[in-house]
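Peer 1: Please find one structure pasted underneath; my questions will follow.
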Amino acid sequence: MAQLGGTFDATTVQPQEAFSVIPAGKYKAQIIASEIRPTKDGNGQYLWWEMEILDGEFAGRKLWERLNLWNNNAQAVEIAQRVMSAMCHATGKLHVADSEELHFIPMMATVRVKPAGKGKDGREYDASNEIRGYEAVNGAA
């Protein structure tokens with residue numbers, strides 16, 4: 001049980017809407033948060049990014065990225081480094097020591113819809129969004 005310190009009045013707060021994917025396409029977005037998190041198996045770490053779409057019909061919607069920069073799987077690290085490089089080029093920050101250096105700089109994110117299905121772990125997953133690339137807002141890297 002958790003005492004709320006008063007009565008919560010749900011009539012004064014708009015209910016959260018059900019999650020839905022955004023259509024595939026290119027969206028102007030910016031990184032608003034990042035942190036290093038441990039991998040599920042505890043043998044590595046990944047850089048977690050939270051992004052926000054800046055304009056259009058989906059302004060304010062969130063996107064997420066996970067980069068396995070510290071992992072025993074060399075291929076996973078290489079892929080993560082390539083994605084990180086694309087993010088750096090898209091923001092114009094080619095030498096970074098802290099992920100916050102990439103925060104709040106607009107870039108274009110190419111988003112696709114990953115269809116619902118069964119994951120490698122055997123669990124069923126709903127359709128979701130996946131970021132497939134980054135580029136500078138004006139199209140120049």
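The values are calculated or read from the model by the stated rules, or taken from the named source; none is laboratory data. Note that the structure is predicted; figures quoted are calculated from it, not measured. For neighbour counting, all protein chains shown are included, and Cβ atoms are generated from backbone atoms with ideal geometry for every residue, glycine included. Areas reflect the complete protein model, heavy atoms only, side chains present, ligands, DNA and RNA absent. Shrake-Rupley method; radii C 1.70, N 1.55, O 1.52, S 1.80 Å.
Peer 1: Would you please name the residue that is nearest to LEU54 (Cα to Cα), looking only at residues in the stretch 30-40 that are exposed (fewer than 14 other Cβ atoms within 10 Å of the Cβ) and either more than 19 Å from the chain's Cα centre (by Cα) or not β-branched (Val, Ile, Thr) (or both)?
Peer 2: GLU35
Peer 1: When residues of the stretch 5-29 are filtered for being outside any loop (DSSP other than H, G, I, E, B) and open to solvent by less than 60 Å² (accessible area, probe 1.4 Å), how many remain?
Peer 2: Selection size over the stretch 5-29: 3.
Peer 1: Identify the residue in the stretch 41-50 that is open to solvent by less than 70 Å² (accessible area, probe 1.4 Å) and modelled with pLDDT under 95 and, among all such residues, is nearest to the chain's Cα centre (by Cα).
Peer 2: GLY44
Peer 1: To continue, here is another question. Go through (1) open to solvent by less than 30 Å² (accessible area, probe 1.4 Å); (2) within 16 Å of VAL21 (Cβ to Cβ); (3) in contact with an Asp or Glu (Cβ under 7 Å, 6 or more places away or on another chain) and name the single condition ILE53 misses.
Peer 2: Single failed check for ILE53: (3).
Peer 1: If a residue must be open to solvent by 60 Å² or more (accessible area, probe 1.4 Å) and part of a loop (DSSP other than H, G, I, E, B), how many such residues does the stretch 57-75 contain?
Peer 2: 4
Peer 1: Could you check, for the stretch 119-138, whether at least one of its residues is under 14 Å from LYS28 (Cα atoms), touching an Asp or Glu at 6+ places or on another chain (Cβ under 6 Å) and either in contact (Cβ under 8 Å) with a residue 40 or more places away in the chain or not hydrophobic (A, V, I, L, M, F, W, C) (or both)?
Peer 2: yes
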